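I have placed the structure first, in the form of structure tokens, so that the comments after it can refer back to it.
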Amino acid sequence: MTDVIKIAYLYEDLMNTYGDSGDVKILSYLLKQQGYTTQVDDVSIDTPEFDAQDYDFLFFGGGQDFEQTVIAKDLLRHKQTVADYIEAGKPMLAICGGYQLLGDYYETSAGTTIKGLGILPLHTIFKADARMIGDTEFETEWGTVKAFENHSGRTYFDDKDKLQPLGKMVTGYGNNPEDGVEGMRYKGTIGSYSHGPLLKNLNLAKVLAKQIIANHTARLAADPA
Ligand code: GLN
């Protein structure tokens, strides 16, 4: 069974308002083409402690403020294992609400502040005046990406040396209306505001699939059981 790629989908049941499960489907398809099968585990509120190191890829999709508030407390259970996974440079993709919750906090539409995982030095603030919604286009290291954004949260990096943007905006807002950039990269982790889903951009999906296979191979070599 060495060819089963294990994906942990954080709060799949609650954080999938915007169809981001499509990212996991596209990756599963690409991995299947290369001879792998995928096992996708929903890590949610009733899931006992999970060890991120048992997985080849972590995915965290978008959700509305309501769902983000529902999962916020539970999420902190996983802080250490997710932080260790990210620091080890393993591949993770977090979209919109999930991206926001990798940071320190999110000030919501209800005026409450949700504590994020606090793994990445960024924070997000809700602004009622203009929801950022519409088609986007941005340039990344791996080429042009076209997607769709739908958020009120504005994300700001608190350590611009540590975090890199995923791309430079051509059309749309991205992280916020001021910085002209979309998403975030830190080691093997990508955060992005892009729905659509993001990985319909196969240039990006293929890079991720490659990283996932490399991580899978390394995981099995370290623990052949
Ligand atoms: N609720 C968050 C916001 O509006 C995230 C939305 C999303 O995941 N698309 O900013």
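The values are calculated or read from the model by the stated rules, or taken from the named source; none is laboratory data. Quick caveat: nothing in here was measured; it's all calculated off a predicted structure. We place every Cβ from the backbone using ideal geometry, glycine too, and count neighbours over all the protein chains shown. Keep in mind that these areas ignore ligands, DNA and RNA; they rest on the heavy atoms of the full protein, side chains included. Shrake-Rupley method; radii C 1.70, N 1.55, O 1.52, S 1.80 Å.
Asn176: within 11 Å of the ligand (Cβ to nearest atom), under 12 Å from Met132 (Cβ atoms) and open to solvent by 10 Å² or more (accessible area, probe 1.4 Å), yes or no? For Asn176, the condition - within 11 Å of the ligand (Cβ to nearest atom), under 12 Å from Met132 (Cβ atoms) and open to solvent by 10 Å² or more (accessible area, probe 1.4 Å) - is not met. Within the span defined as region 67-82, every residue fails to be of a type outside the set (Lys, Arg), out of contact with any Phe, Trp or Tyr (no Cβ under 7 Å at 6 or more places or on another chain), part of a strand (DSSP E or B) and closer than 21 Å to Ser21 by Cα. The listed residues are Gly98, Gly174, and the only one of them that is in a loop (DSSP other than H, G, I, E, B), touching a residue at least 12 places away in the same chain (Cβ under 8 Å) and of a type outside the set (S, T, N, Q) turns out to be Gly174. For region 128-140, the candidate set comprises residues that are open to solvent by 30 Å² or more (accessible area, probe 1.4 Å) and touching a Gly at 6+ places or on another chain (Cβ under 8 Å); within that set, the residue that is nearest to the ligand (Cβ to nearest atom) is Asp135.
Pairs linking a residue in region 178-207 that is of a type outside the set (A, V, I, L, M, F, W, C) to a residue that is within 16 Å of the ligand (Cβ to nearest atom) and assigned to a helix (DSSP H, G or I), with Cβ atoms under 7 Å and 6 or more positions apart or on different chains, are Gly191/Tyr99; Ser192/Tyr99; Ser192/Leu198; Tyr193/Tyr99; Pro197/Gly22; Pro197/Asp23. Set side by side, the residues Tyr106, Tyr99 differ, and just one is aromatic (Phe, Trp, Tyr) and closer than 13 Å to Leu10 by Cβ, which is Tyr99.
Of all residues in region 9-46, those satisfying the criterion of being away from the ligand (no atom under 16 Å from the Cβ) and open to solvent by less than 30 Å² (accessible area, probe 1.4 Å) are Leu27, Ser28, Leu30, Leu31, Val43, Ser44.
Condition check ((1) outside any strand (DSSP E or B); (2) open to solvent by less than 20 Å² (accessible area, probe 1.4 Å); (3) among the aromatic types (Phe, Trp, Tyr)) across all residues:
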position	(1), (2), (3)
Lys146	no, no, no
Ile190	no, yes, no
Leu199	yes, yes, no
His216	yes, yes, no
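Determine whether region 127-139 contains at least one residue that is in a strand (DSSP E or B) and under 27 Å from Ala214 (Cα atoms). Yes: one or more hits.
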